[in-house]
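Peer 1: Can you read through this structure? Questions will come right after.
Readers should treat all values here as calculations from the given coordinates under stated rules, not as data from a laboratory. What you see is a predicted model; the values in this text were computed from it and never measured. Cβ atoms come from the backbone with ideal geometry, glycine included; neighbour counts cover every protein chain shown.
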Amino acid sequence: METLLAELPGWAFVVVLLSSRIGAACIVLPGLGEAELPVMVRSGFAFALTLLLVPVLAPLVPAAPEMPWRVAAMVVAEIMTGLWLGWLARLVVQALPVAGQFAASMIGLANVLQPDPSLGPQSTALARLFSLAAPVLVLASGLYALPLSALAGSYRLVAPGALLPVADSAQDVVRAVGEAFALSLRLAAPFVAAGLVWQAALGLLARLVPNLQVFMAALPGQILAGLLLLALLTGPMLAAWDDQIRPMLALLPGL
């Protein structure tokens, strides 16, 4: 009993240090860190995951320093590492709602003159729909296992309590942003192509019939054609996103 009490502060330090990185990552991980999930559910999941990883990762945790400021610095470093890793995973997954934003702009469902107060001035209902579909697909297809595996493996790359390597972290962020934007543009490519052709046709029509209010006359047809195109392509878009997101998540640090 005395031995257990003597080791209790050390185990408490291990749990606090590991839960700092894991909890910070779970705040932003796709599928697990969604704002729609209750805070108690996310906190409970992060704590349960920490307890599962304690026996495996405890040997990697250094001894607790005597100075309190060093303990605080190590906790802050762990929080930064967790947020960085979770943010990388979320950047990749955000390709789907960004593609929805592109599509909405092309088919006439986005208008800066009529912002939606519930979604924000720069968001659209279609982007919001795809942002809700993304975590559902992540959880239903088992993609959540890749970020969690990367989180557990990140302790091999960044030791508990150590700071992130700035150069490598910046390169990973730039790569993730570029890949996510390229994927979103590929997913929305049919809408972009159709929108460019439609706008070119409207410009030609405006030159042929100068007195015609082209915008008001063409907007209903643009929305109708866009909705028909959306109905035809939503399924293939989601399937293509699911196929292409897996190898991108497999490149997360720690895998």
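Peer 1: Suppose only helical runs count, i.e. DSSP H with n ≥ 4. What mean residue ellipticity at 222 nm does that imply for the chain under -39500 (n - 2.57) per run, divided by all residues and rounded to the nearest 500 deg cm²/dmol?
Peer 2: Helix contribution divided over all residues of the chain: -26500 deg cm²/dmol.
Peer 1: Working out 0.36 nm times the residue gap between residue 132 and residue 196, then minus their Cα-Cα distance, what length gain in nm do you get to one decimal?
Peer 2: 20.3 nm
Peer 1: I would also like to ask the following. How far, in degrees from 0 to 90, does helix 39-57 lean away from the longest principal axis of the Cα atoms of the chain, to the nearest 10?
Peer 2: Roughly 50 degrees, rounded to the nearest 10.
Peer 1: Could I ask something else about it? Quick one: angle between helix 214-249 and the longest Cα principal axis of the chain, in degrees between 0 and 90, rounded to 10, please.
Peer 2: Its long axis makes an angle of about 30 degrees.
Peer 1: Still on this structure, I have one more. Using Cβ counts within 10 Å as a stand-in for footprinting exposure, how do 105, 20 rank, fewest first?
Peer 2: Least crowded to most crowded, the residues run 105, 20.
Peer 1: Assuming R0 = 35 Å, can you tell me the calculated FRET efficiency for the pair residue 72 and residue 239, based on Cβ-Cβ distance, to the nearest 0.05?
Peer 2: 0.15
Peer 1: Could I ask something else about it? In whole Å, how far is the Cα centre of region 215-235 from that of region 126-165?
Peer 2: Between the Cα centre of region 215-235 and that of region 126-165, the gap is 34 Å.
Peer 1: Another question, then. Which of 130, 47, 13 comes first, and how do the rest follow, when ranked by fewest Cβ neighbours within 10 Å?
Peer 2: 47, 13, 130
Peer 1: Please compute the Kirkwood hydrodynamic radius over region 183-255, one decimal place, Å, based on all pairs of different Cα atoms.
Peer 2: One decimal place: 14.8 Å for the Kirkwood radius.
Peer 1: Take the alpha carbon gyration tensor of the chain, find the square roots of its eigenvalues, order them as a ≥ b ≥ c, and report rounded if a/c is under 1.5; if not, report prolate when a/b exceeds b/c, else oblate.
Peer 2: prolate
Peer 1: Further question: Note down the relative contact order for the chain as a percent, whole number, built from C-alpha pairs under 8 angstrom at least six residues apart.
Peer 2: Once normalised by length, the contact order is 27 percent.
Peer 1: Whose amide H sits under 5 Å from the amide H of residue 29, counting only residues 5 or more places off or on another chain, with H placed in the peptide plane?
Peer 2: none
Peer 1: Next question, about the same structure. Between 183, 142, 161, whose Cα lies farthest towards the positive end of the dipole of region 136-255 when Lys and Arg beta carbons carry +1 and Asp and Glu beta carbons carry -1, centred on the Cα centre?
Peer 2: Among 183, 142, 161, the one farthest towards the positive end of the dipole of region 136-255 is 183.
Peer 1: Another question, then. Taking the Cβ of each residue in 197, 14, 92, 75 as the centre, tally the other Cβ atoms inside 10 Å and list the residues starting with the fewest.
Peer 2: 197, 75, 14, 92
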